[in-house]
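This report refers to the structure that appears directly beneath it.
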Amino acid sequence: MNRQFKLRDGISCLAIAALFIPVLCRAQDQDLSAQYTWAPVKIGAGGWMRGMAVSPSDPTRMYARGDVENLYRWNNAAQTWVPTKLASAFPSNITAAPANAGAGAIAIDANNPDHILVAYQFSESPDLSATSPNINLNVYASSDGGVTFKAGNLSLSGTLSSETTGERLAFDPNNGKVAYFGSPGAQGATDGLYRTMHGGLTWTQVTGGGYLTDTSTVRYESQLPRFDGNNGTIKANGQVVSSTIYITYITHDETNADAVSGGGVIRSSDGGQIWTDVTDAAANNKCGSTAQLCWSTIYSDGN
């Protein structure tokens, strides 16, 4: 009896399925994407936070970047972190196809917490990259606290998807139009140090004046820009800027697969026009493979 019951039950199920399959197939033919509503979903898993920036003028304005490649904004009223990497936040040419983006650096204007800069590289899955190419490393500027972003004019070869050594972006504390970006570069491709005089929308590479220059055997990786905002200002490149700027750097041995070979600190005392290497020779000799000193943040006095 039980066997017959199961058989009849199975036949009934098959009959019902056969009845509804044409209906389901017709439903699948319809494009319902216009009815979709997308919203961020909390992951709820563990992980690392790779960098953080806090506004000097308002400590409740904070941003953090995590190992799932998003940039988060602190909502003080709601006491929660809000993701900023949303389709509505970026230009349409970037969000035309699904893309993964790694936030590799953050900077907040010392005098305007709504003005922030973020370094992003957008990459897409192989099935999409043929028709919608990846977007190289660039800096994106926001004037509304990370709600929307405008793209800068960079397209750099390096990647910051796993960056944990500090923030490679920094605003001049005396002029929010001025900022520096230490790009990572890659073997055989030096990106160098970049400066904006227009709040992050246009960037130019820093060259000349004694700044670091690659050779056939050594590649210089500009890293962490830092300002001494209390050491006076000077007029340079058409703007009133902080006089003293420090940039940490790493050296790579191009004869040994781009291996880290040392590092140091270079300083400008005239607003970024002339540069002097102020590296301590004893400290530089301790870099080697561990590069502990080469990967460190410097104090504003450069010591």
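The values are calculated or read from the model by the stated rules, or taken from the named source; none is laboratory data. Keep in mind it's a predicted model, so treat the numbers as computed, not measured. Cβ placement follows ideal geometry from the backbone for every residue including glycine, while neighbour counts extend to all protein chains displayed.
The listed residues are Ser222, Ser162, and the only one of them that is polar (S, T, N, Q) and buried (at least 21 other Cβ atoms within 10 Å of the Cβ) turns out to be Ser222. The residues listed here are Thr233, Thr255; of these, the one that is assigned to a loop (DSSP other than H, G, I, E, B), more than 23 Å from the chain's Cα centre (by Cα) and surrounded by fewer than 19 Cβ atoms within 10 Å (Cβ to Cβ) is Thr255. Taking (1) surrounded by 17 or more Cβ atoms within 10 Å (Cβ to Cβ); (2) in a loop (DSSP other than H, G, I, E, B) in turn, Thr213 satisfies each apart from (1). Of the conditions (1) at pLDDT below 90; (2) buried (at least 23 other Cβ atoms within 10 Å of the Cβ), Ile116 fails just one. Which one is it? Against the list (1) at pLDDT below 90; (2) buried (at least 23 other Cβ atoms within 10 Å of the Cβ), Ile116 comes up short only on (1).
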